[in-house]
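Participant: Just passing along the structure, written as structure tokens.
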Amino acid sequence: MRVEFKLQDLFSRPIRRSGFTLIELIISMSLMVIVSGILAAIIISNFRILEEVSDRKKYVTRGLSAVNLFQREAGMITDSTNIVIADDQQFRFNDKYGNTWDYAVSSSDFTRLEVGIGTAKILATPVINASTTFQYFGGDNAELASTPLSANDLKLVRLIKLKLTMDDGFDGVSLLSIVYPENLNIYNKPLER
């Protein structure tokens, strides 16, 4: 079998090539650049949100540690006569072991000091000073509002609230701690054998 090939046939048939034209390549590359830009913006935005959530979580964790420590130590007050200072920015008390603890809000820090030993330790920072307060309530659940509390009012304290507001750069993160000092007497009694 013989195949004849004529030069005339070569020019009479249209030549079909597979591939893209220059215009198609330019359009597809332009679309890829636009889509890449949109995806990059979305990814950057998500990383910023992730960073903000992580920072907020750090504030909450620090605040929770501070509030839990306050709650645990204030829970060792055997009765309200062990309260030394009760102000809206400072709370000083003696625990059942004879230690004197001082919790205070100063500038943008929430601090804890064992009186007579060392210096104040920063438990949480930065805090919103105006929103971080101690509140005191009597047996009738009425707030003892005239701080610092007088010697007579110190004996009436049955409930202590600490509102700790961490400054996260936005609205703030508020944490609330409630301690009933006299109700904890059952935990301060020796075990019966």
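Participant: Calculate the spin-label point distance for ILE44 paired with LYS58, positioning each point 7 Å from the Cα along the beta-carbon direction, and give it in nanometres.
Facilitator: 2.2 nm
Participant: Can you put LEU162, LEU154 in order, fewest other beta carbons within 10 Å first? Walk me through the numbers on the way to the answer.
Facilitator: Values: LEU162 22, LEU154 19.
By the 10 Å Cβ count, ascending: LEU154, LEU162.
Participant: In the range 53-67, which residues have a backbone nitrogen under 20 Å from the label point lying 7 Å from ILE178's Cα in the Cα-to-Cβ direction?
Facilitator: In the range 53-67, the label zone of ILE178 (backbone N under 20 Å from the point 7 Å along Cα→Cβ) covers 64-67.
Participant: If N is the number of residues in the range 38-188, what value comes out of its Cα radius of gyration divided by 2.2 N^0.38 Å? Please list the in-between numbers first.
Facilitator: On the way: Rg = 18.1 Å, N = 151, 2.2 N^0.38 = 14.8 Å.
The range 38-188 yields a ratio of 1.22.
Participant: Any idea how far apart SER106 and LYS161 come out in nm if each label point goes 7 Å out from Cα toward Cβ?
Facilitator: Placing both labels 7 Å along Cα→Cβ, they lie 2.7 nm apart.
Readers should treat all values here as calculations from the given coordinates under stated rules, not as data from a laboratory. If you're wondering where the values come from, they're calculated on a predicted model, not measured in any experiment. In this analysis, Cβ positions are derived from the backbone assuming ideal geometry, glycine residues included, and neighbour counts consider all displayed protein chains.
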